[in-house]
Amino acid sequence: MEVNIASDWKELLREEFDKPYFEELVQFVREEYATHRIYPRGSNIFRAFDKCPFEQLKVVIIGQDPYHGPGQANGLCFSVGDGVPFPPSLRNIFQEVASDIGTPIPASGNLDRWAEQGVLLLNAVLTVREHEAASHAGRGWEQFTDAVVRAIATRKEGIVYLLWGSYAQRKGAIADPARNCILKAVHPSPLSVYRGFFGCRHFSRANEYLLSQGKTPINW
């Protein structure tokens, strides 16, 4: 099946695109876009891959579901477009970055700047109906993104995995802690952020590890 995704990822994931579950998923998603308001817009479904080439990959951050409010989701987990108010989890992420390494909270919540430095901002589910959280869960996206994480884990080492919350930790469990840097914390949502996300220092720790691997650190 022909899928509009960056060429290096397309080659890596080619077998997935030809599996029956993926064909069923594509049919479901097409019907949803034709009959409901779906986020992100179609051209941004695979934007996390388009912005972060496989060869440049240094860090994996795993989210769960795209934002389901109007104008929020842009294809990168936790990210929003320029001029869109920060959702609470994103604001908390920026607060931890500021506390950890001193980077001021930015004017924009668009995380393209992270992706372009080698941070894969991967949601487990890549589409959602407006105002209906998890409405596209269980339709095949999880199987596809499991294959993405598996492909990274088997082909790369020296990667930083930032796994926030139990869902991300389960999805990232395939990564070998002996060959990578696995950093775990609670989810940055307001419900849990004070139970260990604030103060986790994941951003400085990630950069220390990247430097130890001879890689350029991320400008968070």
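The values are calculated or read from the model by the stated rules, or taken from the named source; none is laboratory data. All values reported here derive from a predicted model rather than from experimental measurement. Neighbour counts run over all protein chains shown; Cβ positions are idealised from the backbone, glycine included. The accessibility values were calculated without ligands, DNA or RNA, using every heavy atom of the protein model including side chains. Shrake-Rupley method; radii C 1.70, N 1.55, O 1.52, S 1.80 Å.
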Could you give the length gained on full extension between residue 167 and residue 34, defined as 0.36 nm per residue of separation minus the Cα-Cα distance, in nm? 44.9 nm
Of 78, 29, 193, which is farthest towards the positive pole of the chain's charge dipole, taken about the Cα centre with +1 and -1 on the beta-carbons of Lys, Arg and Asp, Glu respectively? 193
Measuring from label point to label point, each 7 Å out along Cα→Cβ, what is the residue 195 to residue 178 span in nm? 3.2
For the range 118-220, what class follows from the C-alpha gyration tensor (a ≥ b ≥ c being the square roots of its eigenvalues): rounded when a/c is under 1.5, otherwise prolate if a/b is larger than b/c, else oblate? oblate
For the chain, the percent of accessible surface on carbon and sulfur atoms (probe 1.4 angstrom, ligands and nucleic acids excluded) is 49
Using the membrane-span-like helix rule (whole DSSP H runs, Cα extent along the own axis of at least 24 Å, mean Kyte-Doolittle hydropathy at least 1.6), which helices of the chain qualify? none
Result for the chain: accessible area per residue, probe 1.4 angstrom, in square angstrom, of 46
Where nothing but the Cβ of Lys and Arg (+1) and of Asp and Glu (-1) is charged, how large is the charge dipole of the chain around its Cα centre, in debye to the nearest 20? 620
Okay, helix-only estimate at 222 nm for the chain: each DSSP H run of n ≥ 4 adds -39500 (n - 2.57), divide by all residues, round to 500 deg cm²/dmol; what do you get? -10500 deg cm²/dmol
Going from most exposed to least, what order do 170, 139, 113 have by accessible area with a 1.4 Å probe? 170, 139, 113
Descending Cα extents along the principal axes, the range 151-210, whole Å: 35, 24, 14
Cβ-based net charge around residue 101, under 13 Å, with every Lys or Arg adding one and every Asp or Glu removing one: -1
Lysine pairs in the chain with Cα atoms under 19 Å, if 8 or more residues apart or on separate chains: 13
Estimated translational D of the chain in µm²/s (Stokes, Kirkwood radius over Cα pairs; 10 °C; 1.306 mPa s): 90
